[in-house]
1. Name the single residue that is most open to solvent (accessible area, probe 1.4 Å) among those in segment 332-356 being charged (D, E, K, R) and assigned to a loop (DSSP other than H, G, I, E, B).
2. Of the residues that sit in segment 298-327 and are among the small types (G, A, S) and not in a helix (DSSP H, G or I), which one is surrounded by the most Cβ atoms within 10 Å (Cβ to Cβ)?
3. Within segment 289-304, which residues are closer than 18 Å to I260 by Cα and out of contact with any helix residue (DSSP H, G or I) (no Cβ under 8 Å at 6 or more places or on another chain)?
4. Can you confirm whether segment 289-297 contains a residue that is open to solvent by 10 Å² or more (accessible area, probe 1.4 Å), touching a strand residue (DSSP E or B) at 6+ places or on another chain (Cβ under 8 Å), assigned to a helix (DSSP H, G or I) and closer than 30 Å to R62 by Cβ?
5. Are any residues in segment 97-119 open to solvent by 50 Å² or more (accessible area, probe 1.4 Å), touching a strand residue (DSSP E or B) at 6+ places or on another chain (Cβ under 8 Å) and not basic (K, R), and if so, which ones?
6. State all residues of segment 317-351 that are under 21 Å from V400 (Cβ atoms) and of a type in the set (A, V, I, L, M); if no residue qualifies, say none.
7. What pairs come up if the first residue lies in segment 157-168 and is modelled with pLDDT under 85, the second is surrounded by 10 or more Cβ atoms within 10 Å (Cβ to Cβ) and assigned to a loop (DSSP other than H, G, I, E, B), and their beta carbons are under 6 Å apart, counting only those six or more places apart or on different chains?
8. Quick check: anything in segment 151-168 part of a loop (DSSP other than H, G, I, E, B) and in contact with an Asp or Glu (Cβ under 7 Å, 6 or more places away or on another chain)?
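The values are calculated or read from the model by the stated rules, or taken from the named source; none is laboratory data. All values reported here derive from a predicted model rather than from experimental measurement. Reconstructed Cβ throughout: ideal geometry from the backbone, glycine too, with neighbour counts over all protein chains shown. Just the protein is used for accessible areas: all its heavy atoms, side chains included, with ligands, DNA and RNA removed. Shrake-Rupley method; radii C 1.70, N 1.55, O 1.52, S 1.80 Å.
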Amino acid sequence: MSPFDTQNVPTGPVIEPDEFAARRRRLMDAIGEDAVAIIPSATEQTRNRDVHYPFRQDSDFRYLTGFNEPDALAVLAPGHADGEFHLFCRPRDREREIWDGLRAGPEGVVSNYGADKGHVLDAIDALLPKLLRGRSKIVHTLGLSSAWDQRVLGWVNNLRAASRRGPAAPEAIVSLDATLHEHRLIKSPAELEMMAHAGRVSAEAHCRAMRVCQPGMAEYQIAAEIHHSFAMSRMDCAYGSIVGGGANACILHYVENSAILRDGDLLLIDAGAEYEGYCADITRSFPVGGKFSGEQRAIYDLVLEAQLASIDAVRAGKRQQDDVHMASVKTLTRGLVDLGLLTGDVDALIEDEAYKTYFMHGTGHWLGMDVHDVGAYYDDGKSRPLEPGMVLTVEPGLYVAEGTPGAAERFWNIGVRIEDDVVVTDGEPRILTADVPKQADEIEALMAG
């Protein structure tokens, strides 16, 4: 962390400079000395007129640099005589720093972020061709920014035009994603502690929501309690919080959070904090009035049984789709038959995907610096085996919207999802979000006391 960066003081664990350096080294070893990697930062985005959205750094860029300013470019040139890690950034500017905050500047990125050379961004067109000359490929993900794509192609074309008089220009531009995203998929011990910290704060926010919830409150008031918990630990929302009561709990990506909560309804909350670029993702469902009805308890206990079965399948060598997801599918389908919401042979219903009437999404996704984190789910057309250091959510659900064909009216408007963040280890799964209760009796006790 830079001493210039007074707006970003961690409140918990940190990633040390040595780890960022090791990440860059690993990437440079993977691309080889015939390549140069070009990784742009995020830019500030206008909300309206002179107002910007809060800045959020590009995850790939932050993963490799730890640098949290906009308008920057990281260049990795393995084995280059003039330095392997060049970081282009905004210059120090007293007037702009009075208005917008301090900047690291070229000197700061060398002294505090491990760059071999720091440069102002305006120098990029003069310096980048020198780093590219003689290399056979550029590692850069096209399609994310048309402005950067045009600049990269311009450097290549200019080098090609001059290649008759000197070293050859790069012949290929290959995506950064395939290599770097596989690196990001496996979390280091330090990353797991960052995510565990976000998970603890997120869990306390969900507990706070359960404690304060009362009939007559609005969904947005519950959301405010959650966001207050995040802010008090100096964290942001990892994604738009979902706070849906009653029928709204059956809308998977409900974000209006505007309805009044009624006694007798369930409330589904899907919310997680982001700490220093690392995300948590938790969902809990609980009764607005503090007590589950018989039908609500039946659906809830079934979803919890499915989630526990899927968490137990999060083990090295198991597969996310074939084992983790199917553990929920089998449990839920069998339970839906027992409740009379499906009719027929369980195996046949699974084969026909009849469960999708009530469970229409997957059981989880990778989690890390992005809430839907990077990394391939399939290898050679098959669900890939899980490896230690992977982190995934486990989040089965059942949603019985009003008027669902074949569903008895007493089940209408019951929406339940239970989600935790789970680490693959060499042994038992590690749950990063276990501090918020999910047994129905524990939830009722928390809400009562």
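1. In the first step, residues of segment 332-356 are kept if they are charged (D, E, K, R); the result is 334, 338, 345, 347, 351-353, 356.
The next check asks that each one be assigned to a loop (DSSP other than H, G, I, E, B); those that pass are 345, 352-353.
Numbers: D345: 93, D352: 116, E353: 87 Å².
Among those that are charged (D, E, K, R) and assigned to a loop (DSSP other than H, G, I, E, B), it is D352.
2. A313
3. G289, the sole residue that qualifies.
4. No, every residue in segment 289-297 fails to be open to solvent by 10 Å² or more (accessible area, probe 1.4 Å), touching a strand residue (DSSP E or B) at 6+ places or on another chain (Cβ under 8 Å), assigned to a helix (DSSP H, G or I) and closer than 30 Å to R62 by Cβ.
5. Those that are open to solvent by 50 Å² or more (accessible area, probe 1.4 Å), touching a strand residue (DSSP E or B) at 6+ places or on another chain (Cβ under 8 Å) and not basic (K, R): E107, V110, D116.
6. If the condition is that a residue be under 21 Å from V400 (Cβ atoms) and of a type in the set (A, V, I, L, M), then V329, L332, L336, V337, L339, L341, L342, V346, L349, I350 are the ones that fit.
7. That search, which allows pairs on different chains as well, returns S163/A169; P167/R133; P167/G134.
8. no
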